[in-house]
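Written below as structure tokens is the structure these notes are about.
Please treat every number below as a calculation from the coordinates, not as lab data. What you are looking at is a predicted structure, and each value in this text was computed from that prediction instead of being measured. Glycine also receives a Cβ, built like all others from the backbone with ideal geometry; neighbour counts cover every protein chain displayed.
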Amino acid sequence: MQNNKLFFFEELSFDETNKIIILDIDGTLVADLKDCCDDKVIDKINYILEKNEIYLSTNSRNNKRNLKIQETLNLPFTNLLYKKPNKKVIDNISNPSKNFLVIGDKFLTDFILAKRINSDFIWVKRKIDGKERLIIKIINLIDDISYFVYRLFFK
């Protein structure tokens, strides 16, 4: 897990190969409620796809938005019947023998999922646009506090 300076997803220096990547959408690729990725995000995804498989993952229940992002990126989703950090989100991945890598912005969902599936984790800087709903602001605050407590007692 990265724990020094965090970078946005599109700023990552990425040299991983032959991985199955579980790529979070909300806060990682786009800010909450946004339904389109900027060109730099798309370019980074295409670069990573040259040597890896990517599955999108989200806990959002906004199916219309999720499908729009999926169509734009032309990537499959993990099992949307389950929400992170439930390890059943990877049940529909056809080749689980490869090494997994989870990329996301949240400790309580993405990092814990990575631990539960014995995966590496790349923590990225959270995308926010200041228009997040109150519940998202609260979730982000709880997530940040949880990570602080984790670091305090387990690092």
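Sum up the charges of everything whose Cβ sits under 11 Å from the Cβ of Ile112, counting Lys and Arg as +1 and Asp and Glu as -1, but leave Ile112 out.
Surrounding charge for Ile112 is +3.
Taking just the C-alpha trace of the chain, give me its Rg and Dmax in Å.
Cα radius of gyration and Dmax of the chain are 14.6, 42 Å respectively.
Counting other C-beta atoms within 10 Å, and keeping those with at most 10, which DSSP coil trypsin sites (Lys or Arg not before Pro) do you find in the stretch 31-117?
Passing both the DSSP loop test and the Cβ count: Arg61.
With just the Cα atoms defining each centre, how far is the stretch 13-29 from the stretch 60-118? Give it in Å.
Spelled out, the Cα-based centre of one part sits 10 Å from the other.
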